[in-house]
Amino acid sequence: MKRLGLVIMLSLFIFQVFAQDSENYRMILKDDWQMQSALKDPTSGKDISGTKFEPKGWYKVSVPTTIIAGLLANKVYDFDPFYGMNFEKLKDSSLNAPWWFRKEFSLPASEKGKNVVLKLHGINYKANVWLNGVLIADSTKIMGPFRIIELDITKNIKATGNVLALQIKRPVNPQHKGGDLAIDYADWIHYPPDYNGGIVNEIEIKTYDKVGIQYPLVTTNFDLPSLSVAHLTVDALVTNYSKNPQEVTVKGKINDNITFEKKVHLGPNEVANVTFTPTDFSQLNITNPKIWWPWQYGKPDLNQIALSVVRGEVTSNKISENFGIRQITSKLIDNKSREFIVNGKPIMLRGAAWSPDIFQRRSPERQEQELRLYRDMNMNIVRSEGKLEDDHFYALCDKYGLLVMTGWMCCGAWQYPENWDVAKRKVAMASDSSVMYWLRNKPSLMVWLNGSDMPPRDTSVERGYLNIEAALKWPNPLVSTADASKSKVSGYSGVKMAGPYEWVPPIYWETDTTQRFGGGTYSFATEISPGPSIPPYESLVKFIPKDSLWYTTADWNYHCGTGNFGTSKVFDAALIGRYGQPRDIKQYVAEAQAQNYEAHRAMMEGYGLHKYNTATGVVQWMGSNPWPGLIWHTYDYYLYPAGTYFGMKKSMETLHIMYSYSNNEVDIINSLLQKFTGLKAQATIYNLDGSQKFDNTVMVDVAADGTAKCFTLPAAGEFSDTYFLRLQLFDAAGDVKSINWYWLSKKGDVLNWKKSKWYMTPETSYTDYTSLKDLGKTGLKISIATGKTIEERDTSYHRITIINTGKTVAFQVHIRVLKGKGGDDILPVIFSDNYIELAPGESRVIRCRYANKDASGATPYFVTSAWNLDVSASQADKGAGFE
C-alpha cells in the first residue's frame, strides 16, 4: 500500500473525484434548481441559502446547465438563436455579473450520522458555495470547469430542509493569453456571450460511514503476443473521514467469481492508495479473459470491478463500475509518426473530432444518436479537444468500441502557461489530477494530450502534468501535443496538426510533399479537413433566411467559422471551377454534396492506403456540429447525413476497394484482423453516354490489417471528358463486399504547392466536371420492403431496391425518408449507403433504419432524387416517390 500522506481538514477540503457506476448512497442534484442573475436579485447568499427565502421570478432549470442554456429552456428569448444572425441578440451585460443557482434537498433517514460530501463537477468558472446560510467555500477555492471538487459538509447538513446556493461568475477571456482556464472554441464557432458560464457537469451528494473508497483502476498486462492470460493490477483510494485511526479491510470482486482483500490501517483523516498486484494475489492472473477491443478488431467486452471497505462487521462504503481488460501502448515509427497498439495489435485510427452543443446542453439520447452515427461511418476514434464530456458519453464509447483521444485546449489561456499566475497554475494542476482520476479506468480512453497546438510552453507545467499522471497511474500513452512540435521534456510527439482546414481536391492527400504545411498521408493527423460541409437544403432553410440563402450573404458567412474561416469562398471557387456555376441554391447544394463526398472520401482512403508507411491515424476536423454551421462536420446539427457523411462511411468500410488518384490504380484496404484470399476485384469504366469503355477483373489476396494493389487503369485517352469508374470487390463466395464509384476527368486538379499556407493549398487549375450537367436523363424503379427485428422492437427497418431503367449512369442518387408525404425528414436515420451511382440496368439494395419515435407516428414516405433523374420515366411503390 502506497500512502499519499494527505491530511484532509474536515471543515473544508478539496480533492478530485468522479462519479461511480454504483455506490451505497449517491444523490445527483439534477432537477428542480432555480437560477437568477445577482443583478436582478441582490439578496445575500446567507438568505438565499435559507429555507425562508422564496425565489420569486427565478428560472427553473435542471443541472448541468449554462446560464444561456437555462434561459433558453425557460423560453426567455422570442427568437431562435441559431437562425440568421440572431445569435448576436444573446449579448447581454447581465451575463457578465454573477448568477445564482439554488437547490433544495433532503437526505433520507438511512444516511443520518454518516459523513456527507458535496461533489462539484464542472463549475464554470468561479463560485461562492453556500449551504444552509453558511459560506462553505469561496471563489478562491471553487474555480475551474474541469476540476472535481469535494467538500465535507457533515457539520452543515440537516436531515431535511437543506438549501444549496452557488453564486457563479462566468469565465473571463478564455480565448486570450492570461484569461481564465475554461472552455475555448478558437475559430470553430462564435463564442456564446456567457462563455458557457454555469454548471457544466454533475453535482452530487455522497455519504460515507467513517471510511470511503473511490477511484477504482484496473490495469492490464499481457504476455504479448499471447492474450491467453491477463495480469491485472487493481488500485483504489481509501479515505478516513474521521479524526480517529481506523482498521479496515478493503475487499474486491471481479465479475462475481474473483475475490481479493487486504487489511489497511488508516491514520486520522488519512487518504491512502491501496494496490492489489497479480504477484501478491495470484487470482488476478486471469486465464481466457474477456477482452475489450475496438469494434473492428473484436468485441468491446466489459468486465466489472466491485470494491468495498469494511470496519469490523460494517461495510462503510462500496462501489462498482465497468472496466476493460485491454492494454494500449504506442511507439514512434520515426520522429514524425506515432503508432498506437491495442492488445499487441497496431491499429490504423480514422475518425473525427467531437464537440458538444455550443451551450453545453447534453442528453443521453442525443449522445447515443451521435455516437451511433460515428460508428455507422466506420470510425474507430473520437477526438475531444478540451471539451470533456460526461460519464454517459464515455460509457457509450466503451460500449461501441470507440477509442477516445482527448486532452487540453488550444488556443487561448490554456496555450500560454507562462502567463499563468499562482492561482491559475493551481487550477491547471488540480484539473489534471481530476481528469486523471476520472478517466483513467475507462476502456475507451486511448491517449491523453498535455497540449494541443504545441507542448506546454512552460516546461515546468508539462513536468507537473507528467508527475501527476505518473503518480495517479494513468495507464495509457501520454503525448505532449497534438502538433508535430518536439517537447523539451518528452521529445517528439509523433503526431501532427499541419492542416489543411480548407478545401483541397482529392489528389492532394497522396501527393502532398510540402512537409512544412503537410496534410499528406504520413504521420498521425490529429485534426485535418477539406473544409466546408454544406448541409442539405432541408437543413439550410432551418437556420438561414430564404432571402439570404446564397453563398455570398452575410447570414451565410456568419454560419461559417471565424477568422480565416469566416466564408466558404475557397470551397465555392472550387465548386464553380469544377462543376460549373450553379443556377440556384438547390443546384449549389447538389454540387456541394458531390464535392464534399469525393474530398472527404479521398482523405480517409489515402491515409488508409498508406497505413503504417508512415500514416498511423487521421482525425477529421470535425465530426459533430456544435451549432448549425457550414464547415467542419460529417453530419449537420440536425443529424442529417449528407455527402460528407457517406463519403466518409464509404472510405472506411472494413474491406474496401478504392481508386488512387495519384497512381491511377485500384487498391484494397483491409481494416480487420483477418486475412482474405480469393477476392475478386473488378473495375468498369463508363462514358457519359452510358457506354461501357473498359472492364477488368483480377483475383487478389489481402493480409490481415493490410493493403493490396490490384492493377493500374489505362490512360483516359478514349474516354469521354468526364467518365465514371465503378469498382466492385467480391469475396471467395461471390458476395459483394464493396462497391465504390468515382467520377473522373481527363483534366485533373493542379495544386500550387509553393503557396501553401497552414490551413490550405490553393489550386492553379481545376478538374472539369461541368459536363455532368449535360448527363442524359434516366429513369429509376423503386420498391420498398419493411421488416422488424426481435432485438429492436422500437426500430423500423426497410429495404429499398433501386434499379436504373435507363441507358446512362444515374448520378448521385439520394434517398430520404419522410414523416409522411410532404413531411419533414425522419432524423436521425441510418442508410447503408446513399448518394450512389447506378450503371444502366444496375440494381442496388439500400437498407434503412430509424427509431420509431423519430417518425412521430407518421407512415414513412421515401423520396428519391438524382442529378439526371427522369421522373416521368420512373416508377415507385406506394409510399415512395421522386423529386
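One line per residue, one yes/no per condition, for (1) of a type in the set (D, E, K, R); (2) under 27 Å from the mean Cα position of the chain (by Cα):
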residue	(1), (2)
218	no, yes
235	yes, no
249	no, no
261	yes, no
268	no, no
> Within the set of pairs 6 or more residues apart or between chains, which connect a residue that is within 17 Å of residue 654 (Cβ to Cβ) inside segment 724-737 to a residue that is open to solvent by 50 Å² or more (accessible area, probe 1.4 Å) and of a type in the set (A, V, I, L, M, F, W, C) with Cβ atoms less than 7 Å apart?
Replying inline: 728/736; 730/736
>> Please determine whether any residue of segment 495-507 is over 20 Å from the mean Cα position of the chain (by Cα) and at positive phi.
In response: no
> Does at least one position in segment 704-724 carry a residue that is under 31 Å from the mean Cα position of the chain (by Cα) and modelled with pLDDT under 95?
Replying inline: no
> Which of (1) touching a residue at least 24 places away in the same chain (Cβ under 8 Å); (2) in a loop (DSSP other than H, G, I, E, B); (3) at negative phi; (4) not β-branched (Val, Ile, Thr) is the odd one out, the single condition residue 280 does not satisfy?
Replying inline: (1)
>> Report every pair of residues separated by at least 6 positions or lying on different chains whose Cβ atoms are under 7 Å apart, first residue within segment 390-414 and over 23 Å from residue 64 (Cα atoms) and touching a residue at least 24 places away in the same chain (Cβ under 8 Å), second in a loop (DSSP other than H, G, I, E, B) and polar (S, T, N, Q).
In response: 402/380; 402/444; 403/380; 403/444; 410/452; 412/175
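Can you tell me which of 55, 81, 42 is more than 30 Å from the chain's Cα centre (by Cα), farther than 28 Å from residue 425 by Cβ and without any contact (Cβ under 8 Å) to a residue 40 or more places away in the chain?
Values: 55 fails: without any contact (Cβ under 8 Å) to a residue 40 or more places away in the chain; 81 fails: more than 30 Å from the chain's Cα centre (by Cα).
Just a single option satisfies the conditions, and that option is 42.
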> Which of the residues that make up segment 778-797 are closer than 20 Å to residue 854 by Cβ, modelled with pLDDT of 90 or more and either crowded, with 19+ Cβ neighbours inside 10 Å or of a type in the set (Lys, Arg) (or both)?
Replying inline: 796
>> Could you tell me how many of the residues in segment 321-338 are open to solvent by 20 Å² or more (accessible area, probe 1.4 Å) and either assigned to a strand (DSSP E or B) or farther than 15 Å from residue 297 by Cβ (or both)?
In response: 10
>> What pairs come out if I take residues in segment 677-700 that are within 13 Å of residue 657 (Cβ to Cβ) and in contact (Cβ under 8 Å) with a residue 12 or more places away in the chain and pair them with residues that are part of a strand (DSSP E or B) and of a type in the set (Asp, Glu) whose C-beta lies under 7 Å away, six or more apart or interchain?
In response: 679/701; 684/695
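Mind counting the residues in segment 859-874 that are closer than 20 Å to residue 785 by Cα and loosely packed, with under 14 Cβ neighbours inside 10 Å?
Our first condition is that a residue be closer than 20 Å to residue 785 by Cα; within segment 859-874, this holds for 859-865, 874.
Filter again for loosely packed, with under 14 Cβ neighbours inside 10 Å, leaving 859.
Total meeting the criteria: 1.
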> In segment 725-776, which residues are of a type in the set (Phe, Trp, Tyr), modelled with pLDDT of 95 or more and open to solvent by 20 Å² or more (accessible area, probe 1.4 Å)?
Replying inline: 730, 766
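Residue under question is residue 682, and the condition is that it be farther than 16 Å from residue 350 by Cβ, touching a strand residue (DSSP E or B) at 6+ places or on another chain (Cβ under 9 Å), modelled with pLDDT of 95 or more and open to solvent by 40 Å² or more (accessible area, probe 1.4 Å); does it hold? Walk me through it before giving the result.
Working: farther than 16 Å from residue 350 by Cβ: yes; touching a strand residue (DSSP E or B) at 6+ places or on another chain (Cβ under 9 Å): yes; modelled with pLDDT of 95 or more: yes; open to solvent by 40 Å² or more (accessible area, probe 1.4 Å): no.
Against the criterion (farther than 16 Å from residue 350 by Cβ, touching a strand residue (DSSP E or B) at 6+ places or on another chain (Cβ under 9 Å), modelled with pLDDT of 95 or more and open to solvent by 40 Å² or more (accessible area, probe 1.4 Å)), residue 682 does not qualify.
Kindly evaluate residue 225 against the criterion of being part of a loop (DSSP other than H, G, I, E, B), at pLDDT 95 or above and farther than 30 Å from residue 566 by Cβ. Steps first, please.
On the way: part of a loop (DSSP other than H, G, I, E, B): yes; at pLDDT 95 or above: yes; farther than 30 Å from residue 566 by Cβ: yes.
So residue 225 fits the description; yes.
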>> modelled with pLDDT of 95 or more, open to solvent by less than 10 Å² (accessible area, probe 1.4 Å) and in a loop (DSSP other than H, G, I, E, B): which single residue out of 629, 608, 647 fits that description?
In response: 629
>> Quick check on my filter: what residues within segment 116-142 are open to solvent by 20 Å² or more (accessible area, probe 1.4 Å), part of a strand (DSSP E or B) and not β-branched (Val, Ile, Thr)?
In response: 126, 128, 130, 135
> Under the condition of being hydroxyl-bearing (Ser, Thr, Tyr) and modelled with pLDDT of 95 or more, which residue from segment 396-425 is nearest to residue 458 (Cα to Cα)?
Replying inline: 406
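Looking only at helices (runs of 4 or more DSSP H) that fall completely inside segment 452-571, which ones have 3 or more residues that are open to solvent by 10 Å² or more (accessible area, probe 1.4 Å) and in contact (Cβ under 8 Å) with a residue 40 or more places away in the chain?
Per the criteria, 537-543, 554-558.
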>> Going residue by residue through segment 410-431, is there one that turns out to be of a type in the set (Asp, Glu), surrounded by fewer than 19 Cβ atoms within 10 Å (Cβ to Cβ) and more than 22 Å from residue 619 (Cα to Cα)?
In response: yes
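Among the residues of segment 700-720, write down those that are within 25 Å of residue 689 (Cα to Cα) and either outside any strand (DSSP E or B) or of a type in the set (Lys, Arg) (or both). Let's see the steps before the verdict.
Filtering segment 700-720 for residues within 25 Å of residue 689 (Cα to Cα) gives 712-720.
Correct list: 713, 714, 715, 716, 717, 718, 719, 720.
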>> If residue 830 satisfies all but one of (1) surrounded by fewer than 20 Cβ atoms within 10 Å (Cβ to Cβ); (2) out of contact with any helix residue (DSSP H, G or I) (no Cβ under 6 Å at 6 or more places or on another chain); (3) of a type outside the set (D, E, K, R), what's the number of the condition it fails?
In response: (2)
>> Exactly one of these conditions fails for residue 367: (1) surrounded by fewer than 19 Cβ atoms within 10 Å (Cβ to Cβ); (2) polar (S, T, N, Q); (3) free of Cβ contacts under 8 Å to residues at least 60 places away in the same chain. Give me its number.
In response: (1)
> Of 316, 355, 308, 330, which residue is touching an Asp or Glu at 6+ places or on another chain (Cβ under 6 Å), in contact (Cβ under 8 Å) with a residue 12 or more places away in the chain and among the hydroxyl-bearing types (Ser, Thr, Tyr)?
Replying inline: 316
> If a residue has to be part of a loop (DSSP other than H, G, I, E, B) and β-branched (Val, Ile, Thr) to count, how many in segment 339-388 make the cut?
Replying inline: 1
>> Regarding segment 580-600, can at least one residue be identified that is buried (at least 23 other Cβ atoms within 10 Å of the Cβ), of a type in the set (Asp, Glu) and in contact with a strand residue (DSSP E or B) (Cβ under 9 Å, 6 or more places away or on another chain)?
In response: no
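On the given criteria, is residue 227 among the aliphatic types (A, V, I, L, M) and open to solvent by 10 Å² or more (accessible area, probe 1.4 Å)?
Working: among the aliphatic types (A, V, I, L, M): yes; open to solvent by 10 Å² or more (accessible area, probe 1.4 Å): yes.
So residue 227 fits the description; yes.
Restricting to segment 191-205, what's the tally of residues that are out of contact with any helix residue (DSSP H, G or I) (no Cβ under 6 Å at 6 or more places or on another chain) and part of a loop (DSSP other than H, G, I, E, B)?
Within segment 191-205, the subset out of contact with any helix residue (DSSP H, G or I) (no Cβ under 6 Å at 6 or more places or on another chain) is 191, 195-196, 199-205.
With the extra rule that they be part of a loop (DSSP other than H, G, I, E, B), the set shrinks to 191, 195-196, 200-202.
Count: 6.
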>> I'm told residue 245 meets every condition in (1) open to solvent by 10 Å² or more (accessible area, probe 1.4 Å); (2) in contact (Cβ under 8 Å) with a residue 40 or more places away in the chain except one. Can you identify the failing condition by its number?
In response: (2)
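The values are calculated or read from the model by the stated rules, or taken from the named source; none is laboratory data. Just so we're clear, the structure is a prediction, and the values are computed from it rather than from any experiment. Positions of Cβ are backbone-derived with ideal geometry, glycine not excepted, and every protein chain shown enters the neighbour counts. Ligands, DNA and RNA are stripped out before the accessible areas are found, and what is left, the full protein with its side chains, is counted by its heavy atoms. Shrake-Rupley method; radii C 1.70, N 1.55, O 1.52, S 1.80 Å.
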